[in-house]
Amino acid sequence: MNFHYYHKPVLVKESIENLITDQNGIYIDATFGGGGHSNAILKKLNKKGILIALDQDKESIERNTIQDKRFRIFHNNFIHIRDILNQNCIEKVSGILVDLGISSLQIDNPKRGFSNRFNCILDMRMNQESFYSAQNVLNECSKKELFHIFYEYGEFKNARKITDKILKKRLKKNIKTTSDLVHIFFIKGSFKKRKRFFSRLFQSIRIEVNNEINVLKNFLLESSRILLPGGRISVISYHSIEDRIIKYFFKKGIIINKINFKTLPFRMIHKKVIKPSFKEIINNPRSRSAKLRIAEKI
Ligand SMILES: C[S@@+](CC[C@H](N)C(=O)[O-])C[C@H]1O[C@@H](n2cnc3c(N)ncnc32)[C@H](O)[C@@H]1O
C-alpha cells in the first residue's frame, strides 16, 4: 500500500485556494497526516515561500516523502507552534492550515485502538510518547470525569447510563481492549445505529486522551498572535463540538471559558461553512462530516 497517498485529503481545493495570499509567504500545515494538504500548499508557493509542517504522530513524520527546500517538518503538538517558529527565527506567518482529527493511517491501523473494527489494546494516543491512553481514561477517571467525557465530547443524552456501565465493568476487571469496551454495551437496532453509537463513544474517549478541545482553543488563540494582518487560517473539523468553538471564535472572538477579545481578531472569509461536494463524499466517504471555516486576521 502506498501510504503517502493512502489518506485522501479533504476539501483540498477549497481550503488552499483561499489560504494563500502571498506566494512568497510562510505557511503552516499544523496537521501533516499523509501530507496531502502540504503537497497542495507547496504547489501554490513560489521559490521563496516556506512551509512548516507539524504532526504529533511520529508515524506520520516517518512516512513523509516530501523533499523540498521550502519544506520543514517537525514532530510536535501544534499547541507548541510558537516554540517551533522561534526555533526557526520566524515571528509571523501568512497562513495556517489545520485539518483536525485523525487520519486514515491512524484509524485503519489495527494496533492504535482508534476503531472498534479491530480488537486491540485501548490506546488512542496520537502522540505515541504520551503517558495517557484510553486505558487510563476508562479505568482511572472518576464518575464525574467519565460523565463529562461522554456528555460533552460524545454528546450522549444517556451519558450517565454509559458511565455507570463502565464503572460496573471495571469493578470486576480492568477494561483493556477495544473488544472489552464494545462488549459492555448491547445496542438494539440497526447496524447503522450501532455504528453511530460506537463511533461517538470511541471519538469521545479519543478527544479526552489527546486533550483535543483545550489544545484547539489554545491554538486558535495562538493563531491570532502569529498571523500577519491579512493572513488567513483554514480549519477543517469533523464534529460539532469543534466546529462550534471555531465558529464562535472567528465570528465573535470568544473562546468559551477563556478570553473574550474586545476587538475581533478575525473576519470570516465566507459567511457559510464550506462542506464537501456530493462528488467528494462519494469518492471519499470519510469526508462526509467535514466542515471548513476560513478567517482572515484583521
Ligand atoms: C485529518 S489528519 C490530517 C490529514 C492531512 N491534512 C493530509 O492531507 O493527509 C489529522 C492529523 O493531525 C494530527 N494531529 C491532530 N491533532 C494534532 C495536534 N494537536 N498537534 C499535531 N498534530 C495533530 C494527527 O496525528 C493526524 O495525523
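The values are calculated or read from the model by the stated rules, or taken from the named source; none is laboratory data. Computed from a predicted structure; not experimentally measured. Reconstructed Cβ throughout: ideal geometry from the backbone, glycine too, with neighbour counts over all protein chains shown.
In this structure, is I241 of a type in the set (A, V, I, L, M), touching a residue at least 24 places away in the same chain (Cβ under 8 Å) and closer than 17 Å to A30 by Cα? Against the criterion (of a type in the set (A, V, I, L, M), touching a residue at least 24 places away in the same chain (Cβ under 8 Å) and closer than 17 Å to A30 by Cα), I241 does not qualify. Here N139 fulfils each of the conditions (1) over 17 Å from N211 (Cβ atoms); (2) part of a loop (DSSP other than H, G, I, E, B) apart from (2). I'd like the full set of residues that are more than 13 Å from T31 (Cβ to Cβ) and assigned to a strand (DSSP E or B), limited to region 63-89. F71, R72, listed by residue number.
Here T65 passes the criteria (1) within 13 Å of the ligand (Cβ to nearest atom); (2) under 21 Å from the mean Cα position of the chain (by Cα) except the one numbered (2). One residue alone among L216, L292, L220, L227 is farther than 23 Å from H7 by Cβ, within 13 Å of the chain's Cα centre (by Cα) and surrounded by 18 or more Cβ atoms within 10 Å (Cβ to Cβ), and that residue is L220. Out of all the residues in region 210-219, is one or more in contact with a strand residue (DSSP E or B) (Cβ under 9 Å, 6 or more places away or on another chain) and either modelled with pLDDT under 95 or closer than 28 Å to N136 by Cα (or both)? Yes. Residues that are of a type in the set (D, E, K, R), out of contact with any Ser or Thr (no Cβ under 9 Å at 6 or more places or on another chain), more than 12 Å from the ligand (Cβ to nearest atom) and assigned by TED's automatic domain parsing to the domain that holds S287 do not occur anywhere in region 107-115. Scanning region 18-35 for residues being in contact (Cβ under 8 Å) with a residue 40 or more places away in the chain, away from the ligand (no atom under 12 Å from the Cβ) and either part of a loop (DSSP other than H, G, I, E, B) or of a type in the set (A, V, I, L, M, F, W, C) (or both) gives a total of 7. From the list S179, S190, S237, the lone residue that is of a type in the set (S, T, N, Q) and in contact with a strand residue (DSSP E or B) (Cβ under 7 Å, 6 or more places away or on another chain) is S237.
May I ask you to verify whether I282 is surrounded by fewer than 16 Cβ atoms within 10 Å (Cβ to Cβ), of a type in the set (A, V, I, L, M, F, W, C) and either touching a Ser or Thr at 6+ places or on another chain (Cβ under 7 Å) or assigned to a helix (DSSP H, G or I) (or both)? Answer is yes for this residue. Taking the listed residues L167, L171, L138, L97, the one that is under 23 Å from the mean Cα position of the chain (by Cα), at pLDDT 95 or above and more than 16 Å from the ligand (Cβ to nearest atom) is L138, with no other qualifying.
A single member of S15, S60, S104, S38 is surrounded by fewer than 17 Cβ atoms within 10 Å (Cβ to Cβ) and within 12 Å of the ligand (Cβ to nearest atom), and it is S104.
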